[in-house]
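Shown next, in structure tokens, is the structure this report addresses.
The values are calculated or read from the model by the stated rules, or taken from the named source; none is laboratory data. Everything quoted here is computed from the prediction, not taken from an experiment. Positions of Cβ are generated from backbone atoms using ideal geometry, with glycine treated the same way; all protein chains shown enter the neighbour counts. In case anyone asks, the SASA skips ligands and DNA or RNA and just uses the protein heavy atoms, side chains included. Shrake-Rupley method; radii C 1.70, N 1.55, O 1.52, S 1.80 Å.
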Amino acid sequence: MDQWSLHFLNARGKLDPYLERTRRALERTEARALEFCDPIPLDVIIRISDVPAIPELSVSGSAYDPGRIDITIDPFNPELDRILDQCLDKTIFHEFHHALRWEGPGYGWSLGEALVSEGLAQHFVHQAMDCAPEPWESVLSRDELAPYAEMAAERFDDKSYNHSEWFFLNGKMPRWLGYTLGSHLVGDYLLAHPLASPASLAHEPAQSFSPFLTTLKQVN
């Protein structure tokens, strides 16, 4: 790999069954990413999960600061061997876009910034590979999203929002609401700007996307 440095947290050998497949995934995703983006130095840390992840995620990731992404493999998932390669690629592409955004405005601290960062990362996965939408991208219909879009528009700049409540399931919000809302928000922006792409928008300020919550607020 040219710019990506791969680090296995494997002192006890738990990653041994997945080493080669993970290396191949990193090689092909870096090569594919370079078709859309300038190279950035990146540490990619691979580890095994100590506890089962949610059933839909055999591979999960995070990107909390510039120049680094973390990928976690769930060996407890009975479907892991069958779906590992595709899940690795999708997770790496998603987290790589977060890393790209960290080179510019960063993930962000407000609700609106989080919606845009997650929406862009999800759309970048589809730019990089041909795959169906994930469950968390379409948990609600556009009509069902309308009241939450209105709420998000009012709280777009709110830095005290509850991330778990909006994006996972920790309160009254529907599970994965933020991911679905962010996906629609960025999708509407892309429809209105056909020359743009998730890769080209990696450093676009979140405020550029906020007017498109108005479209989502309108029930069809």
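Taking Cα centroids, how far is region 176-216 from region 59-137 in Å?
Answer, in whole Å: 16.
Given the -39500 (n - 2.57) contribution per DSSP H run of 4+ residues, what per-residue ellipticity at 222 nm results for the chain, rounded to the nearest 500 deg cm²/dmol?
Calculated mean residue ellipticity at 222 nm is -14000 deg cm²/dmol.
When the dipole is taken about the Cα centre of the chain, and only Lys, Arg (+1) and Asp, Glu (-1) are charged at their Cβ, what size is it in debye, to the nearest 20?
240 debye
Please work out which option in (i) 18.4, 62; (ii) 19.7, 77; (iii) 17.3, 55 gives Rg and Dmax of the Cα atoms in Å calculated from these coordinates, and answer with its label.
The value matching this structure is (iii).
Using a simple charge model, +1 on the beta-carbon of Lys and Arg, -1 on the beta-carbon of Asp and Glu, nothing else, what dipole does region 1-127 show about its Cα centre, in debye to the nearest 20?
220 debye
In percent, how large is the relative contact order of region 135-202, given Cα pairs closer than 8 Å and 6 or more residues apart?
Once divided by the residue count of region 135-202, the mean separation gives 33 percent.
Non-local amide H neighbours of HIS193 (under 5 Å, H modeled in plane, Pro and chain starts lacking H): which ones?
Close amide H contacts, sequence-distant or interchain: none at all.
Accessible area, 1.4 Å probe, largest first: how do LYS90, LYS172 sort?
The most accessible residue leads, giving LYS172, LYS90.
Treating the angle as unsigned and between 0 and 90°, give the value, to the nearest 10°, between the Cα long axis of helix 80-102 and the longest Cα principal axis of the chain.
Once rounded, the angle reads 60 degrees.
Can you work out ³J(HN,Hα) from phi for every residue in region 110-118, in order, using Karplus 6.51 cos²θ - 1.76 cosθ + 1.60 and θ = phi - 60°, giving whole Hz and x for Gly and Pro?
These are the phi-based 3J(HN,Hα) values: 9, 4, x, 4, 5, 4, 5, 4, 6 Hz.
Probe of 1.4 angstrom, ligands and nucleic acids ignored: what's the accessible area per residue over region 15-150, in square angstrom?
About 44 Å² of surface per residue is accessible.
Using a 1.4 Å probe over the heavy atoms of the protein chains, calculate the carbon and sulfur portion of the accessible area of the chain as a whole percent.
Answer for the chain is 51 percent, counting heavy atoms of protein chains only.
In whole Hz and in residue order, list the ³J(HN,Hα) couplings for region 158-173 that follow from phi through the Karplus curve 6.51 cos²θ - 1.76 cosθ + 1.60, θ = phi - 60°; x for Gly and Pro.
In residue order, the calculated couplings are 6, 8, 9, 5, 8, 4, 4, 5, 7, 10, 10, 7, 8, x, 9, 6 Hz.
Using DSSP, restrict attention to beta bridges with both residues in the chain and report what percent are antiparallel, rounded to the nearest 5.
Around 30 percent antiparallel, to the nearest 5.
Relative to the longest principal axis of the chain, what angle (0 to 90°, nearest 10) does the C-alpha long axis of helix 177-192 take?
It is inclined by approximately 70 degrees.
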